[in-house]
């Protein structure tokens, strides 16, 4: 049996903004859940994991190998796992990014089969389909090289991350999944506009490691997109080029939808002067080059983000992205792109949000797709768009300044 391990909150006025007393929380490692639950931080309160230390946590923070072993050990207690993960950025090396995110992805795939033997909270259970029961031999799972058996019946309700007592009692694979996600959040580049060279270099190293992820299946491509969404306020042309390739690949429907959904906001948050031009090129290519209705829907509705760009002085309003307007209009009047009701919602409404001076208003969301009013609205839109398309196309061509960047993301060899 292991001995009592003191967990010490460490803080200072400089770090926390207020004078903090040093308190000692005693955690009896190996004791009953009830006894441990009285010593750990109370559920529902904000826990400053970066201010907790102990001999075993300090040992875990000595090297990347020690940290990984500690976080993934079935015997490690949740409070110690989370504290080590929260303090792991200075220890973890980006060369381990592929291992981290693929392990997380594998744990999430495993969790989708049995939810670690727990029920979903009643507050959100309606959003999840019931799971199929596993055969007895299927309940014996290999998790990170360790045997874990799915219980025949749920053993409780899945706790929230800040429910420390509940997480301490949760199955260890769920604890590992939770703390590895926290480690991912800690090491992900945190950037804003006008970043110093060191932050840009860290982001580029992040992308270099992300490029080592395989990208041969839809799930693999989706993982690449999920990882390279970070940092929010910076993007690399090589990453955007791969995003575009993914979005145009018919074998990657989920990953393509993710690119389409993220593209507009990513360009807005980036803050680069080329962002709107690049966003127009990517979204036009997706709208025209991927006929999947879900992908087109995501791409169409993210175009509104191209109306603004983050700057050091705040949000800058931009002119309507006219190449996108033309692409949306073309699809809106194309009968092969869906029924009139579908095209009204998917393409006309997003276009009208881009064009505040259009001589018509966005249609009501609850309009019956089969109503005669839909046909009237679509006829009026078609007349207006046909009368203005040539002018819109010319304005769109004149808008594009970042021709080299646009060519770079479209380069098939990138």
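Here are some notes:
- Scanning the stretch 185-201 for any residue that is in a helix (DSSP H, G or I) and either touching a helix residue (DSSP H, G or I) at 6+ places or on another chain (Cβ under 8 Å) or crowded, with 18+ Cβ neighbours inside 10 Å (or both) turns up at least one such residue.
- Count of the stretch 270-329 residues which are part of a loop (DSSP other than H, G, I, E, B), over 19 Å from residue 405 (Cβ atoms) and touching a helix residue (DSSP H, G or I) at 6+ places or on another chain (Cβ under 7 Å): 3
- All positions within the stretch 354-372 that are outside any loop (DSSP other than H, G, I, E, B) and closer than 24 Å to residue 327 by Cα: 354
- Residue among 147, 183 that is at negative phi and in contact with a strand residue (DSSP E or B) (Cβ under 8 Å, 6 or more places away or on another chain): 147
- Test result for residue 84, at pLDDT 95 or above, surrounded by 21 or more Cβ atoms within 10 Å (Cβ to Cβ) and not in a loop (DSSP other than H, G, I, E, B): yes
- Whenever a residue of the stretch 317-341 is assigned by TED's automatic domain parsing to the domain that holds residue 295 and free of Cβ contacts under 8 Å to residues at least 12 places away in the same chain, its partners that are surrounded by fewer than 21 Cβ atoms within 10 Å (Cβ to Cβ) and in a helix (DSSP H, G or I), lying with C-beta atoms within less than 7 angstrom and at least six residues away or across chains, give the pairs 317/307.
- Any hit, the stretch 275-288, residues being within 21 Å of the chain's Cα centre (by Cα), at negative phi and modelled with pLDDT under 95: no
To keep it simple, each residue is scored yes or no on (1) modelled with pLDDT of 95 or more; (2) in contact with a strand residue (DSSP E or B) (Cβ under 9 Å, 6 or more places away or on another chain); (3) outside the structural domain of residue 142 (by TED's automatic domain parsing); (4) in a helix (DSSP H, G or I).
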residue: 30; (1), (2), (3), (4): no, no, no, no
residue: 42; (1), (2), (3), (4): no, no, no, no
residue: 45; (1), (2), (3), (4): no, no, no, no
residue: 71; (1), (2), (3), (4): yes, no, no, yes
residue: 96; (1), (2), (3), (4): yes, no, no, yes
residue: 115; (1), (2), (3), (4): no, no, no, yes
residue: 126; (1), (2), (3), (4): no, no, no, yes
residue: 130; (1), (2), (3), (4): no, no, no, no
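The values are calculated or read from the model by the stated rules, or taken from the named source; none is laboratory data. Just so it is clear, the structure is predicted and the values come from calculations on it, not from any experiment. Reconstructed Cβ throughout: ideal geometry from the backbone, glycine too, with neighbour counts over all protein chains shown.
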